[in-house]
Amino acid sequence: MTDAGTASAPRSRVRWRGVAAVRRTLLACFVFGQTLVACYYLLWVLPYHGETWLELAILGLFAVLYAWIAVGFWVAVFGFVLRLFGGDRYSLLRRHNEDRIEATPLARTAIVMPVYHEPVHWTLSGLKAVYRDLERTGRLEHFDFFILSDSRHPDVWLEEQGAWHRLVTELGAEGRLFYRRRPVNLNYKSGNVADFLRRWGRRYEYMVVLDADSLVSGDTLVRMVQLMELEPQIGILQTNPGIINGRSLFARLQQFANRFYSRLFATGLAAVQMGDAAFWGHNAIIRVEPFMRHCGLPKLRGPGIFGGPIMSHDFVEAAFIGRAGYEVWLEPGLDGSFEESPPTLTDELMRDNRWAKGNLQHLWLLLTAPRLRLAHRMAFLNGIMAYLASPLWLLFLICTTAEAARMTLAPIDYFPEGHQGLFPLWPEWRPEWALALALSTAVLLFLPKVLALVDAVIHRSTSGFGGVWRLVPGLVLEIAVSILLAPLRMLAHSRFVLAAFFNLSLKWAGQNRTDETTWSEALRSQLPGMIIGAGWSAFAWFLDRLFFYWSLPVALPLILAVPTSVLLSRVAIGEWLRFRGLLLVPEERAPLPILVDAQAFRAAPMPVSRLTPVERAILSPVANRLHGSLARDHRTATRGRLLDAAVATCLREGPGALSALALSQILQDQRSLAELHRQAWRALPSSYWGRCIRRLGQEDDA
């Protein structure tokens, strides 16, 4: 995939750009107008009214952060107003009547799922549910499925290959469900998808990208293809995935917040972005030909973090396909698109650590990439601020603490720079203005949640969340926990941003789906924040009682971080709340068939093996033939000697004597794998392989 520059794309039949310009201008006026008023209030709240460098720093940080949260507020308001009047008439689904959409024929579409060290049975059971649901639509013949593995450890990718083969047999999906593992892992997920497109992309008109935790109903997949056929100028169509299957308290809170608030935010965001929307990397359909031609990712050539492969690819690909003249749309009305939440706060922060570095890389593209549309540059800025806002908040707190300390511990300076002789500057305090400013900030943060409740009542959708009397307590609990988590995320994201700018190495791993957080794990991860919170609170008490009370909303959650992290990870608490009808989402009260299937497939018992996947691949005749058919002959004169030496070591000492790389090399070489099978069966009963053969026989007898 290479960026071939701008090419002519099909001209849009709907003149939406003028509408988008009006909406974006209106949003900018609201955001910046409100921010200017708030900054004026803050200027008069500060004792010296911005006449010192410290107060100017406080004012500048406040302006950036206030504008940042004001954007989210007004996007939610836009969404509320549009839903109040029946929705956005420029959305894709409102352009075409139902009969016309249904009558549109389908084109060949690839459904691709990149995986990297994911739980194999869990992941492929989800893909099986997607396959079965698409089969129910009667349109399966238009779709092919691809599992694109980047897994490196032999036990993982051998298990993937075996599970794929069983799934193909069970579904009767020969020639429709494929597995490919890259021998060389380059450029993360984007490199994985690029490798697929180079090999098979020209066979397909469209590509639907799924994550390992994605579920998209068959009806939604069909509808996505039909919309792309009706709108040839669209390069990417993004759905708004809902979070499902939350079991821990943390996951259920995330699921509730996503499902309840996203109707407003997604509607407002889609109305502002229109055809310049962002791509989120999954649960979206892509027009393959222009994507291959225009969305190749370059190596960054900047210093440190701004050099090397692009880690967060999705916003960049949306910007590149937009630069080529195609449109990117978010369609909130496409139901039946789902993903899952990390089960614990620790897992969410591990994921954010990866995303922070990738999003901060976009700063280089924001400033240097040519010919990008302004809306896509703003999407880059939005992604950057998602993480950069945390260190800015931390810096704001440091500056306000320094200001409080200066006013308490140092004598009042009546003659700062610019005020000499007969013109002193008298410090003033306006507590009523400070209170009004704090209240306006609270309104920006919490009024959208209230609007979501009003929206649910107006549209009579509260029953999906357990009814008003269960919805309101759930809403209060979610707000309380979000207040507790905000300082923890601020501190963690600040650390991630600092590490990213120092370009520290980053481990890219699969996501935990089940484990709870232990007290020792929570203490190790949250102890620094607890110390900072306790120290800051003690210092605030020493300075001024009023300042101490002002510090508590930040300091207290940091002090309570360990029990917060542990309790939020508990599945029992989440299930207890679900049993009592709290934090429910509509999909739990009336689950779609695909969700029922996924839950049943994942809950199905798996046979317990006494052998590792590596041992089974070597000893089992059936497994050895399967993996041998997927292997290749990698031997050259020099490489052959190295493979023979590794085979001899494996036969003599077992697979544990080899590194994961060396073991992978012999297991993906046909001759080596066949030789291991032959020689292992000739091993003495007292040897490593003799003991493995006995365990295999015991499995067969059972």
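Annotations
- Solvent-accessible surface ranking, highest first, for 108, 377, 641 at 1.4 angstrom: 641, 108, 377
- Panel values: the range 432-489, Kirkwood radius from alpha carbon pairs, Stokes-Einstein at 4 °C and 1.567 mPa s, translational diffusion coefficient 100 µm²/s.
- Taking the empirical scaling 2.2 N^0.38 Å for compact globular proteins as reference, the range 488-632 has a Cα radius of gyration ratio of 1.65.
- Of all accessible heavy-atom area on the chain, the percent that carbon and sulfur account for (1.4 Å): 63
- Note on residue 634 and residue 450: their simple-model spin labels are 6.3 nm apart, each label 7 Å out from Cα toward Cβ.
- Nearest-ten-degree value, helix 374-409 long axis tilted from longest Cα axis of the chain: 50
- Cleavage-rule hits, chymotrypsin sites (Phe, Trp or Tyr not before Pro), the range 45-146, DSSP coil, Cβ neighbours within 10 Å at most 14: 85
- 21 Å tail of the calculated P(r), the range 241-379, as % of Cα pairs: 51
- Qualifying trypsin sites (Lys or Arg not before Pro) for the range 541-619 [loop in DSSP, other Cβ within 10 Å: at most 16]: 580, 610
- Among 554, 698, 645 - extreme Cα towards positive end, dipole of the chain, charges at beta-carbon: 645
- Å² of accessible area per residue within the chain, as computed with a 1.4 Å probe and no ligands counted: 45
- Residue ranges 161-170, 382-391 sort as 382-391, 161-170 when ordered by packing (mean number of other C-beta atoms within 10 Å per residue, highest first).
- Given R0 = 60 Å, the distance between the Cβ atoms of residue 32 and residue 121 translates into a calculated FRET efficiency of 0.70.
- Centre-to-centre separation between the Cα atoms of the range 658-702 and those of the range 96-133: 37 Å.
- Positive-end residue of 103, 564, 689, charge dipole of the chain with Cβ unit charges: 689
- For the chain, a crude dipole built from +1 on the beta carbon of Lys and Arg and -1 on the beta carbon of Asp and Glu, taken about the Cα centre, is about 1440 debye to the nearest 20.
- Taking the C-alpha atoms only, the angle from helix 688-701 to the longest principal axis of the chain is near 90 degrees.
- From the coordinates of this entry, Cα extents along the principal axes in Å is computed, and it appears in [x] 91, 68, 51; [y] 101, 62, 55; [z] 93, 66, 47 under the label [y].
- Angle between the chain longest axis and helix 345-368 axis [Cα atoms, degrees, rounded to 10]: 80
- Descending semi-axes in Å of the range 584-640, equivalent ellipsoid built from Cα gyration tensor: 42, 16, 10
- Candidates per trypsin sites (Lys or Arg not before Pro) in the range 246-323, loop by DSSP, up to 13 other Cβ within 10 Å: 299
- Against the criterion of solvent-accessible heavy-atom surface with a 1.4 angstrom probe, 234, 483 sort, most first, into 483, 234.
- Its Cα centre serving as origin, the range 501-600 has a Cβ charge dipole (Lys and Arg +1, Asp and Glu -1) of approximately 160 debye.
- For residue 29, solvent-accessible area (1.4 Å; no DNA, RNA or ligand), Å²: 80
- Selected from 526, 42, 232, residue furthest toward positive end of dipole (the chain; charges at beta carbon): 232
- Tensor-based shape of the range 44-189 (alpha-carbon gyration tensor, a/c under 1.5 rounded, otherwise prolate or oblate): oblate
- Computed [θ] at 222 nm, deg cm²/dmol, the chain (DSSP H ≥ 4; -39,500 (n - 2.57); rounded to nearest 500): -20500 deg cm²/dmol
The values are calculated or read from the model by the stated rules, or taken from the named source; none is laboratory data. Source: prediction; values computed, not measured. All Cβ positions, even for glycine, are placed from backbone atoms using ideal geometry, and neighbour counts span all protein chains on display. Accessible surface areas use protein heavy atoms only, side chains included; no ligands, DNA or RNA. Shrake-Rupley method; radii C 1.70, N 1.55, O 1.52, S 1.80 Å.
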